[in-house]
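The values are calculated or read from the model by the stated rules, or taken from the named source; none is laboratory data. If you're wondering where the values come from, they're calculated on a predicted model, not measured in any experiment. Ideal geometry is used to build each Cβ from the backbone, glycine not excepted, and the neighbour counts take in all protein chains shown. To get the accessible areas, we keep the full protein, side chains included, count just its heavy atoms, and leave off ligands, DNA and RNA. Shrake-Rupley method; radii C 1.70, N 1.55, O 1.52, S 1.80 Å.
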Amino acid sequence: MQYALLAYAPAEDPDRATSAIRGTLAALLDRPNITGWARLHAEESATTLRNDEGRMLLTDGPFIDSKEYLAGLILIEADNLDGALAIAEELLQETRPGVAIEVRPLLDGRFRGA
């Protein structure tokens, strides 16, 4: 089954996305059960579209205002939720304090690994 790991980080320097990924975390992201991943720029770079009863509203900034922001997305393969949680925990151990990872099963299988 495929899962999305949504990585949330405390607000920080917007240049974070250009910094190198540490060796141990980079090695984990290169494993076969990680089918894809992307780091995102800081929340200031977001633009949100919202359907307001047929009218499209465009606003600068993220969908929600919070102390954390969506920093990245990791797609994984795991047998079940316990397996997905184990992968997320292993990745989380290599991140800095304050990072959180939300685990969600994917509904559609279009993001199959190569």
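When the stretch 56-114 is examined, which residues are found to be surrounded by 12 or more Cβ atoms within 10 Å (Cβ to Cβ), modelled with pLDDT under 85 and outside any loop (DSSP other than H, G, I, E, B)?
E68, Y69, L70, A71
Being assigned to a helix (DSSP H, G or I), at pLDDT 85 or above and within 24 Å of L106 (Cα to Cα): is that true of L5 here?
Details: assigned to a helix (DSSP H, G or I): no; at pLDDT 85 or above: yes; within 24 Å of L106 (Cα to Cα): yes.
So L5 does not fit the description; no.
May I ask you to list pairs of residues, at least six apart or on different chains, whose Cβ atoms are under 6 Å apart, with the first in the stretch 1-14 being farther than 24 Å from L75 by Cβ and the second being modelled with pLDDT under 80 and open to solvent by less than 60 Å² (accessible area, probe 1.4 Å)?
Correct list of pairs: P14/A42.
Answer with yes or no whether L75 is closer than 15 Å to L6 by Cα and either in contact (Cβ under 8 Å) with a residue 40 or more places away in the chain or β-branched (V, I, T) (or both). Please lay out each step first, then the result.
On the way: closer than 15 Å to L6 by Cα: yes; either in contact (Cβ under 8 Å) with a residue 40 or more places away in the chain or β-branched (V, I, T) (or both): yes.
Judged against the criteria, L75 is a match.
Within the stretch 45-55, is even one residue on the phi < 0 side of the Ramachandran plot, under 15 Å from the mean Cα position of the chain (by Cα) and at pLDDT below 85? First the steps, then the outcome.
Kept after step one, since they are on the phi < 0 side of the Ramachandran plot, are these residues of the stretch 45-55: 45-52, 55.
From what's left, under 15 Å from the mean Cα position of the chain (by Cα): 46.
Next cut, at pLDDT below 85 only: 46.
Yes - at least one qualifying residue is present in the stretch 45-55.
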